[in-house]
Structure formats: C-alpha cells, structure tokens
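Worksheet: one structure, shown below.
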Amino acid sequence: MTDLLLPFGERIGDGQMMRPEEVANGLACGCVCVKCRRRLVAKQGTIIAAHFAHEAEVGCIGAFESSMHAMAKQIIAEALMVRPPMVGLTTGYDWHRARRFQAPFRTGIA
Ligand SMILES: [Zn+2]
C-alpha cells in the first residue's frame, strides 16, 4: 500500500494510458491497473486531486510506479523521440572524449 495517488489507468480495449479527468467518473472509467490488471475507479472529487483507485483494496504494490512508467512509454512512443537534458562538463575532462561520450545523448529515438 502506498500513500501516492494513482495518476493513470489503462483503458480497457485500446490499452491507452489515461488521466482520471479524461474518462468517466467511477467504475464507468473502463480502466484497469497496469500493474495488477484489476479494475479501477476514477475519482474526480473536488477535495482531493483527481486520481484512480482500485475497485477493491488489493494491496497492489508498485501501482504508482508502474502507471508512471507506462505513461512515460506512451508519451515517448507518441513523440517518436526523446530529448534528455545535455550533460554539462565543467573542468578536468578531455573534450574529445567528452563529445564521444555525449553523442548518444544528443541522438533522439526517431
Ligand atoms: Zn493494481
């Protein structure tokens, strides 16, 4: 069990990762937990930030991390590239070696 609210659910049918604001409230959201595959409930209340919860308490360890991972993969797949921040080197490095080392980080996944 974690105190972190579940930010994303996997929509049944097409496998898209969804935010709770993008689906119908409650069980009508049609989403499952990407970690345990159990049904989720979208909670779009006004007091706590919108989030998903398991339909029944199941002690699903790692659901938050798995949902973040799946959403990150979806974003990368849709963008068809990754732009990680450049690594800054200040002193004490051979710049020719540093450039060779940095090259893979400048290349996006395209
Ligand atoms: Zn779960």
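The values are calculated or read from the model by the stated rules, or taken from the named source; none is laboratory data. Only a predicted model underlies this, so the values are computations on that prediction, with no experimental measurement involved. Here Cβ is always computed from backbone atoms with ideal geometry, including for glycine, and neighbour counts include all displayed protein chains.
Quick notes
- Selected residue (criterion: surrounded by the most Cβ atoms within 10 Å (Cβ to Cβ)) from residues of the stretch 32-50 that are β-branched (Val, Ile, Thr) and assigned to a loop (DSSP other than H, G, I, E, B): 34
- Taken together, the residues in the stretch 51-88 that are crowded, with 16+ Cβ neighbours inside 10 Å and assigned to a loop (DSSP other than H, G, I, E, B) amount to 1.
- Among the residues of the stretch 1-20, the ones that are within 16 Å of the ligand (Cβ to nearest atom), of a type outside the set (Ser, Thr, Tyr) and surrounded by fewer than 20 Cβ atoms within 10 Å (Cβ to Cβ) come to 8 in all.
- Selection from the stretch 21-38 of residues that are more than 11 Å from the ligand (Cβ to nearest atom), touching a residue at least 24 places away in the same chain (Cβ under 8 Å) and either not assigned by TED's automatic domain parsing to the domain that holds residue 61 or not aliphatic (A, V, I, L, M) (or both): 21
- Any hit, the stretch 3-17, residues being among the charged types (D, E, K, R) and closer than 16 Å to residue 72 by Cα: yes
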